[in-house]
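Enquirer: Below are the structure tokens for one structure; questions will follow.
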Amino acid sequence: MTPDARQADAVVVGAGMAGLSAAHALVSHGVRPVVLEASGDVGGLVVGDVVGGHEIDLGAEAFALRRPDVRELAESLGLPVETPAGRSWVYTADATFPIPAESVLGIPADPADPEVVAALGPDGASAAAQDLRLGADVGAGSEDLADLVRRRMGEAVLDRLVRPVAGGIHSADPADLAVDSVIPGLRDGLARHGSLSAAVRALRAAAPAGPTVATTTGGLFRLPRALAAAVRAGGGRIRTRAAAARIVPGRGWEVEVRAGDGGPARIATSRLIVATDGATALGLLGEVLPGPLPQLPAGATITHVTLVVRAPALDTAPRGSGLLVAPGAGPVDAKALTHASAKWRWLAAATAPGEHVLRLSYHGGAGEVDRATADASRLLGAPIEEVLDAAVVVRAGALSPTTPAHRSAVADLRNRVAMLPGLAVTGSWVAGTGLGAVVPDGAATGTRTAQTTIAF
């Protein structure tokens, strides 16, 4: 150990949801980590701020209920959980319709469902019904979501349902989404049940009844704050504005820290978890991991424009909790709109009559309040009388790629990292998109690291 290095039970690089989940698992096993975070706050993409007098989510605002991990974590931290008050719609060039209730990422469980027929039209619904007559081998080898849906159900399902829904959630075209990553178990269900619609029904039957997503009451940003408080209460330390500049192998690991907080510039540990974005992680691992590193495609850049508006016409929530926009849907530039004050009961209670909170999502780095206001009025079919306040947040590379090639590359990388004693990696770029993937992966990584006997 370098003479001026400070010893720590463990070091976690990154205080996003993956890093905090790993640190929380460490303290639950009696290991007191030092968490290094380059930015000035915890939570990563789960962040809140005050807009129009309301502290609201400016990053991720919900988590999937397909797995119980995030709900159970929130409740264990004393945070109440609530589900959306309304449904989501799809906006296309020729129609606006609710997403069929019985579907997964837009893939319908029953092509004959009246909601599906209304969304696709008779011809599109008829093409989707071919899925029931195809052999289970059709599409069985499809690794990306677009190819699977096209082969089984046709272009209408892909263009009018799956593209807007998957694009709104993952900010990627279905052709760039690995089926096994974004809908685990779907291809297995196809093989087992003989059709894609039956596989969707089986997945929905296995999931908790009711809504598929939830948030913590008062805003999802409360979750990382509570996690950070629990880590500190368990003896861990979180240093913000402290970036890991380099990892140095030796008898264990040493992390060079670039910070202005007066803390140690080097930390020595036998347990090190890298929980950053992919590019940062590869930069840190480059000196310690033998062999070439994968070339990771850049994640999508997302712009969120949050508007607090006066618009009494929206009091009836004419488009439920919001809309996802199909590609080529006319003059609207936004890819999605969330009517947050209609979606979440806690926010509805906090806003005055006629006051509404809207969030519009754009692909790329451009986001303008005037454009977002115009898009909101078109999408909701109602006038916006006044913008009371607004916030524009641009996140470069916010969502990790989920292509089949990426999944294979990161699986190989994790296997190589696992061969180095005491070193582990987690984060959305290896775990998958969404808190439902990130939180359990971070927690499992922390648990494995805590329980591993390290000998140097």
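Enquirer: Hey, can you tell me all the residues within the range 128-151 that are over 27 Å from the mean Cα position of the chain (by Cα) and either under 21 Å from V325 (Cα atoms) or open to solvent by less than 50 Å² (accessible area, probe 1.4 Å) (or both)?
Expert: A128, A129, D131, G135, A136, V138
Enquirer: Do you know which residues across the range 63-80 are closer than 22 Å to V231 by Cα and crowded, with 18+ Cβ neighbours inside 10 Å? First the steps, then the outcome.
Expert: From the range 63-80, those closer than 22 Å to V231 by Cα are 63, 68-80; that's our starting set.
F63, D69, V70, R71, L73, A74, L79, listed by residue number.
Enquirer: Condition first: modelled with pLDDT of 95 or more and open to solvent by less than 30 Å² (accessible area, probe 1.4 Å). Now tell me which residues in the range 179-213 satisfy that.
Expert: Of everything in the range 179-213, those that are modelled with pLDDT of 95 or more and open to solvent by less than 30 Å² (accessible area, probe 1.4 Å) turn out to be L186, G189, L190, G194, S195, L196, S197, A198, A199, V200.
Enquirer: Might you check whether a residue that is free of Cβ contacts under 8 Å to residues at least 40 places away in the same chain, touching a Pro at 6+ places or on another chain (Cβ under 8 Å) and within 30 Å of A411 (Cα to Cα) occurs anywhere in the range 130-141?
Expert: No; the residues of the range 130-141 include none that is free of Cβ contacts under 8 Å to residues at least 40 places away in the same chain, touching a Pro at 6+ places or on another chain (Cβ under 8 Å) and within 30 Å of A411 (Cα to Cα).
Enquirer: Being open to solvent by 10 Å² or more (accessible area, probe 1.4 Å) and touching a Phe, Trp or Tyr at 6+ places or on another chain (Cβ under 9 Å) is the filter here, so list the residues in the range 152-168 that pass it.
Expert: The one that is open to solvent by 10 Å² or more (accessible area, probe 1.4 Å) and touching a Phe, Trp or Tyr at 6+ places or on another chain (Cβ under 9 Å): R160.
Enquirer: Can you tell me which residue among A268, A244, A275 is at pLDDT below 95 and either out of contact with any Asp or Glu (no Cβ under 7 Å at 6 or more places or on another chain) or of a type outside the set (K, R) (or both)? Explain how you work it out, then say what you get.
Expert: Numbers: A244 fails: at pLDDT below 95; A275 fails: at pLDDT below 95.
It is A268.
Enquirer: Could you please give the count of residues in the range 337-376 that are in a strand (DSSP E or B) and surrounded by fewer than 24 Cβ atoms within 10 Å (Cβ to Cβ)? Please lay out each step first, then the result.
Expert: Going residue by residue through the range 337-376, those that are in a strand (DSSP E or B) are 337-339, 355-363.
From what is left, the residues that are surrounded by fewer than 24 Cβ atoms within 10 Å (Cβ to Cβ) are 355, 361-363.
Total satisfying the criteria: 4.
Enquirer: Give the residues of the range 411-446 that are over 28 Å from V179 (Cα atoms) and either touching a residue at least 12 places away in the same chain (Cβ under 8 Å) or open to solvent by less than 20 Å² (accessible area, probe 1.4 Å) (or both), sorted by residue number. Steps first, please.
Expert: Just the residues of the range 411-446 that are over 28 Å from V179 (Cα atoms), to begin with: 419-423.
Within the range 411-446, L420, P421, G422, L423 qualify.
Enquirer: Is it the case that some residue within the range 288-311 is in a loop (DSSP other than H, G, I, E, B), open to solvent by 20 Å² or more (accessible area, probe 1.4 Å) and basic (K, R)?
Expert: Within the range 288-311, none of the residues are in a loop (DSSP other than H, G, I, E, B), open to solvent by 20 Å² or more (accessible area, probe 1.4 Å) and basic (K, R).
Enquirer: Looking only at the range 229-246, which residues are in contact with a His (Cβ under 9 Å, 6 or more places away or on another chain) and surrounded by 21 or more Cβ atoms within 10 Å (Cβ to Cβ)? I'd like the intermediate steps shown before the answer.
Expert: To start, the set of residues in the range 229-246 that are in contact with a His (Cβ under 9 Å, 6 or more places away or on another chain) comprises 230-231, 234, 236.
Those that are in contact with a His (Cβ under 9 Å, 6 or more places away or on another chain) and surrounded by 21 or more Cβ atoms within 10 Å (Cβ to Cβ): V231, G236.
Enquirer: Which one is most open to solvent (accessible area, probe 1.4 Å), of the residues in the range 1-46 that are assigned to a strand (DSSP E or B) and aliphatic (A, V, I, L, M)? So that I can check it myself, show each step before the final result.
Expert: Narrowing the range 1-46 to residues assigned to a strand (DSSP E or B): 6-7, 10-13, 16, 33-37, 43.
Still in the running and aliphatic (A, V, I, L, M): 10-13, 34-36.
Working: A10: 2, V11: 0, V12: 0, V13: 8, V34: 24, V35: 0, L36: 3 Å².
Here the residue is V34.
Enquirer: Do we find a residue being assigned to a loop (DSSP other than H, G, I, E, B), open to solvent by 50 Å² or more (accessible area, probe 1.4 Å) and over 21 Å from R67 (Cα atoms) anywhere in the range 106-126? Don't jump to the end; show me each part of the working.
Expert: First pass over the range 106-126, keeping only residues assigned to a loop (DSSP other than H, G, I, E, B): 106, 109-113.
Next, only the ones that are open to solvent by 50 Å² or more (accessible area, probe 1.4 Å) stay: 110, 112.
If we keep only those that are over 21 Å from R67 (Cα atoms) as well, we get 110, 112.
Scanning the range 106-126 turns up at least one residue that is assigned to a loop (DSSP other than H, G, I, E, B), open to solvent by 50 Å² or more (accessible area, probe 1.4 Å) and over 21 Å from R67 (Cα atoms).
Enquirer: Over 20 Å from the mean Cα position of the chain (by Cα) and in a strand (DSSP E or B), is that true of V332? Before you say what the answer is, go through the steps one by one.
Expert: Working: over 20 Å from the mean Cα position of the chain (by Cα): yes; in a strand (DSSP E or B): no.
Judged against the criteria, V332 is not a match.
Enquirer: Which of the residues belonging to the range 85-105 are under 29 Å from G218 (Cα atoms) and open to solvent by 20 Å² or more (accessible area, probe 1.4 Å)?
Expert: Once the filter is applied, which keeps residues that are under 29 Å from G218 (Cα atoms) and open to solvent by 20 Å² or more (accessible area, probe 1.4 Å), the range 85-105 yields A85, G86, R87, S88, W89, Y91, P98, I99, A101, E102, V104, L105.
Enquirer: Now for a different question. Name the residue, out of L379, L420, that is among the aliphatic types (A, V, I, L, M), within 15 Å of V274 (Cβ to Cβ) and not in a strand (DSSP E or B). Write out each step before concluding.
Expert: Numbers: L379 fails: within 15 Å of V274 (Cβ to Cβ).
Criteria check complete, one pass: L420.
Enquirer: Applying the selection to the range 146-185, what residues are in contact (Cβ under 8 Å) with a residue 12 or more places away in the chain, outside any helix (DSSP H, G or I) and on the phi < 0 side of the Ramachandran plot?
Expert: Here is the first cut: in the range 146-185, the ones in contact (Cβ under 8 Å) with a residue 12 or more places away in the chain are 146-149, 151-183, 185.
If we keep only those that are outside any helix (DSSP H, G or I) too, we end up with 154, 171-173, 177-178, 183, 185.
If the condition is that a residue be in contact (Cβ under 8 Å) with a residue 12 or more places away in the chain, outside any helix (DSSP H, G or I) and on the phi < 0 side of the Ramachandran plot, then A172, D173, L177, A178, I183 are the ones that fit.
Enquirer: What are the residues in the range 429-447 that are modelled with pLDDT of 90 or more and either assigned to a loop (DSSP other than H, G, I, E, B) or of a type in the set (S, T, N, Q) (or both), if any?
Expert: T445, T447
The values are calculated or read from the model by the stated rules, or taken from the named source; none is laboratory data. Every value quoted in this text rests on a predicted model; they were computed, and no experiment measured them. A quick note on method: Cβ atoms are made from the backbone with ideal geometry, for glycine too, and the neighbour counts reach across all protein chains shown. Just so you know, the surface numbers come from the protein's heavy atoms only, side chains and all, with ligands and any DNA or RNA stripped out. Shrake-Rupley method; radii C 1.70, N 1.55, O 1.52, S 1.80 Å.
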